[in-house]
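These notes are about the structure you will find just below.
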C-alpha cells in the first residue's frame with residue numbers, strides 16, 4: 001500500500017534525524033542536513049511525531065477497511081488534491097532554488113527536508129485520489 005510506504009519513509013526520516021540529534025550517528029548525514037532550522041528541533045520533533053500518529057491512524061483505517069479516514073469525502077478529496085499539488089510544486093521550486101544557490105549540494109546534500117516534504121505531499125495526493133475515486 002502506497003500510504004504505508006510513505007508513512008514508513010517518513011518514520012525512517014524522523015528516526016534518522018533523532019539518531020543524529022541524540023547520538024551524532026556517524027553513518028548518517030550531519031544534523032544541519034536533516035532540517036532547515038526554521039523550527040527548533042525540540043519543537044519540530046513533537047510535530048513530526050503527531051504527523052506520524054495521524055499517518056498511522058489513517059493507514060490503520062485503510063488496512064481495516066473502516067473508520068473515519070475511509071469514509072468517502074469527495075469535497076475533502078478535491079481540497080487535499082489541490083493542497084498536495086501546491087505543496088509538491090512548492091517543494092520542487094524550493095529544490096530548484098536550493099540547487100541554484102548551492103550547486104555543490106547536488107543532488108541530495110542538504111535537501112533531506114525537501115525530499116521528505118515531497119513524500120508528505122505524495123501521501124496527501126494518494127489519499128485525495130481515494131476520495132475522488134470513491135465519489136463515482
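Looking at (1) assigned to a helix (DSSP H, G or I); (2) closer than 21 Å to residue 113 by Cβ; (3) free of Cβ contacts under 8 Å to residues at least 12 places away in the same chain, which is the one condition that is false for residue 48? Of the numbered conditions (1) assigned to a helix (DSSP H, G or I); (2) closer than 21 Å to residue 113 by Cβ; (3) free of Cβ contacts under 8 Å to residues at least 12 places away in the same chain, the odd one out for residue 48 is (3). How about segment 69-78: which of its residues are within 25 Å of residue 117 (Cβ to Cβ) and loosely packed, with under 14 Cβ neighbours inside 10 Å? Hit for segment 69-78 is 75, nothing else.
Candidates in segment 27-45 are the residues that are touching a helix residue (DSSP H, G or I) at 6+ places or on another chain (Cβ under 9 Å) and free of Cβ contacts under 8 Å to residues at least 40 places away in the same chain; of these, the one that is surrounded by the most Cβ atoms within 10 Å (Cβ to Cβ) is 44.
Laboratory data are not the source of any read-out in this text; all were calculated from the coordinates shown. As the structure is a computational prediction, the values presented were derived from the model and not from experiment. Note that each Cβ is placed from the backbone with ideal geometry, even for glycine, and that neighbours are counted across all protein chains shown.
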